[in-house]
1. With respect to the numbered conditions (1) loosely packed, with under 12 Cβ neighbours inside 10 Å; (2) not in a helix (DSSP H, G or I), which one is the sole condition not fulfilled by residue 101?
2. Only one of these conditions is not met by residue 4: (1) farther than 22 Å from residue 115 by Cα; (2) modelled with pLDDT of 95 or more; (3) of a type in the set (Ser, Thr, Tyr). Which number is it?
3. Looking for whichever is part of a loop (DSSP other than H, G, I, E, B), surrounded by 18 or more Cβ atoms within 10 Å (Cβ to Cβ) and touching a residue at least 24 places away in the same chain (Cβ under 8 Å) here; the options are 23, 35, 10. Which one fits?
4. Six or more apart or on different chains, Cβ under 9 Å: which pairs go from a residue in segment 106-122 that's touching a residue at least 40 places away in the same chain (Cβ under 8 Å) to one that's acidic (Asp, Glu)? Could you list them?
5. Determine, yes or no, whether residue 68 is under 13 Å from the mean Cα position of the chain (by Cα), farther than 22 Å from residue 129 by Cβ and in contact (Cβ under 8 Å) with a residue 40 or more places away in the chain.
6. Determine if segment 124-145 includes at least one residue that is surrounded by fewer than 11 Cβ atoms within 10 Å (Cβ to Cβ), on the phi < 0 side of the Ramachandran plot, at pLDDT 95 or above and of a type outside the set (S, T, N, Q).
7. Which of the residues that make up segment 71-90 are without any contact (Cβ under 8 Å) to a residue 24 or more places away in the chain and either under 27 Å from residue 133 (Cβ atoms) or in a loop (DSSP other than H, G, I, E, B) (or both)?
Amino acid sequence: MSNTYTLIHIQCVMAVKFRASVIQPLWKERLHQYITGIVQNNGHKIISINAMPDHLHLFFGFRPNQSLSDLMRLVKGESSEWINKEKFNSSTFRWQEGYGAFSYSRSQIPAVCKYIENQEEHHRKKTFLEEYKHILEESEIEYDERYIFKPLE
């Protein structure tokens, strides 16, 4: 679209189904590369990506030629299919339903990247659930406890 100019930076957070700790260091980097390919093939630009055993942070420059929900459906669906095809886990891999999406200004990019890149260190102090609630509260997003990423009980 001519004369359309945007600068949109989005961090998405998605959890493994039931927050199972199944993303292994052995294939984590390949997962990052695979998801980067999905995002870039859809015309967006990866800024930072990092997975923990039970969740993933994805920070990217978003082009509004596609809906965020369509992009996330592709990222989650195609990456799940790839993980299962590669047989990285003994059981079927699935992402939990839903995701968090948070927007940031250009000036916040370095801080968000540092935060994502230092997830291992960060999670020595806070659990994923504590972290996720903090992001929601910091962003002033109202949420229902029943729908926060929950582990299998």
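1. Result: residue 101 fails condition (1) only.
2. (2) is the only condition that residue 4 fails.
3. 23
4. Every condition considered, the pairs that remain are 119/131.
5. Here the answer is yes, as residue 68 does meet what is asked.
6. no
7. From segment 71-90, those without any contact (Cβ under 8 Å) to a residue 24 or more places away in the chain are 73, 77, 80-81, 84-85, 87, 90; that's our starting set.
Correct list: 73, 77, 80, 87, 90.
Residues are listed down the side, and each one gets a yes or a no for (1) small (Gly, Ala, Ser); (2) touching a helix residue (DSSP H, G or I) at 6+ places or on another chain (Cβ under 8 Å); (3) over 15 Å from residue 12 (Cα atoms):
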position	(1), (2), (3)
81	no, no, yes
84	no, no, yes
88	no, yes, yes
96	no, yes, no
100	yes, yes, no
109	no, no, no
116	no, no, no
120	no, no, yes
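The values are calculated or read from the model by the stated rules, or taken from the named source; none is laboratory data. Not measured: the values here are computed from a predicted model. Backbone-built Cβ (ideal geometry, glycine too); neighbour counts: all protein chains shown.
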